[in-house]
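Encoded as structure tokens, the structure appears first; notes follow it.
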Amino acid sequence: MPGVDVIEVLDRVRAALKRRGSRTIAGLGRTFRALDSYDGNKKVDAEEFSVGLRENGVDLTQEEADALLTYFDKDGDGNVCFDEFLVGIRGRLNERREAIALKAFLKFDKDCSGAITVDDMKGVYNTDFHPKKQSGEMTDDEIFLDFLSNFGDKNNDGMITKDEWIEYYSAVSANIDNDDHFILLMRNAWQLD
């Protein structure tokens, strides 16, 4: 959008959310998810985007909101993926959050190859109680591949790189306002010391 400095608008959005308190970014995520409940595609269109910002105390002109949506619209479909938007608002993982995410990554990357594979998962992730294993619908390897795909295996190569892992946890982190809470969740989820 000519005449609109998107970075300046983004800085204003961040400042407005910060002024409203530490829980606002998670609240923004909840608002966007509620707006998305119609089709469940995890994206919001221009109107939903503007409404979501307004409901969270961010007042932008229509031109500024459109410019911001365009900035976050990675595939040019006129929608913004709200996880990407929340990561963009919050930014990448801070040092503490990245350290715990990397600790979890290293727990899985048994061969230190820089990627988590099905072979790395064996012995770390127990599939015995997975309902689809118990019913015979899936094998261990199929469960492992499904698990990996949930962690952002974008090219479906059966591996999660460190960058894919950090990108996944940046999206998770964007919904958790408190560093200590994020760290506790990671420690409990992956049984880290």
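The values are calculated or read from the model by the stated rules, or taken from the named source; none is laboratory data. In this text the structure is predicted, and so the values were computed from the model without any measurement. Every residue, glycine as well, gets a Cβ built from its backbone with ideal geometry; the counts of neighbours run over all protein chains shown.
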Evaluation of ARG96 against (1) at pLDDT 90 or above; (2) out of contact with any Phe, Trp or Tyr (no Cβ under 9 Å at 6 or more places or on another chain); (3) not small (Gly, Ala, Ser) (one fails), failing number: (2)
Does any residue of segment 124-142 turn out to be on the phi > 0 side of the Ramachandran plot and either outside any loop (DSSP other than H, G, I, E, B) or at pLDDT 90 or above (or both)? yes
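Within segment 175-184, is even one residue assigned to a strand (DSSP E or B) and out of contact with any Leu (no Cβ under 7 Å at 6 or more places or on another chain)? So that I can check it myself, show each step before the final result.
Here is the first cut: in segment 175-184, the residues assigned to a strand (DSSP E or B) are none.
The answer is no, given that none of the residues of segment 175-184 is assigned to a strand (DSSP E or B) and out of contact with any Leu (no Cβ under 7 Å at 6 or more places or on another chain).
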Select from segment 90-133 the residues that are touching a residue at least 24 places away in the same chain (Cβ under 8 Å), of a type in the set (A, V, I, L, M) and under 29 Å from GLY29 (Cα atoms) and write down the one among them that is surrounded by the fewest Cβ atoms within 10 Å (Cβ to Cβ). LEU102
Exactly one of GLU8, GLU48 is surrounded by 12 or more Cβ atoms within 10 Å (Cβ to Cβ), at pLDDT 75 or above, in a helix (DSSP H, G or I) and out of contact with any Phe, Trp or Tyr (no Cβ under 7 Å at 6 or more places or on another chain), and that residue is GLU48
Could you run through segment 134-167 and say how many residues are within 19 Å of LYS110 (Cβ to Cβ) and hydroxyl-bearing (Ser, Thr, Tyr)? 1
For LEU86, indicate whether it is touching a Gly at 6+ places or on another chain (Cβ under 7 Å) and in contact (Cβ under 8 Å) with a residue 60 or more places away in the chain. yes
Checking ARG33 against (1) in the same structural domain as TYR125 (by TED's automatic domain parsing); (2) within 19 Å of the chain's Cα centre (by Cα); (3) surrounded by fewer than 20 Cβ atoms within 10 Å (Cβ to Cβ), the condition it does not meet: (1)
Segment 151-171 - residue that is touching an Asp or Glu at 6+ places or on another chain (Cβ under 8 Å) and either more than 16 Å from LEU93 (Cα to Cα) or free of Cβ contacts under 8 Å to residues at least 40 places away in the same chain (or both) and, of those, surrounded by the fewest Cβ atoms within 10 Å (Cβ to Cβ): LYS154
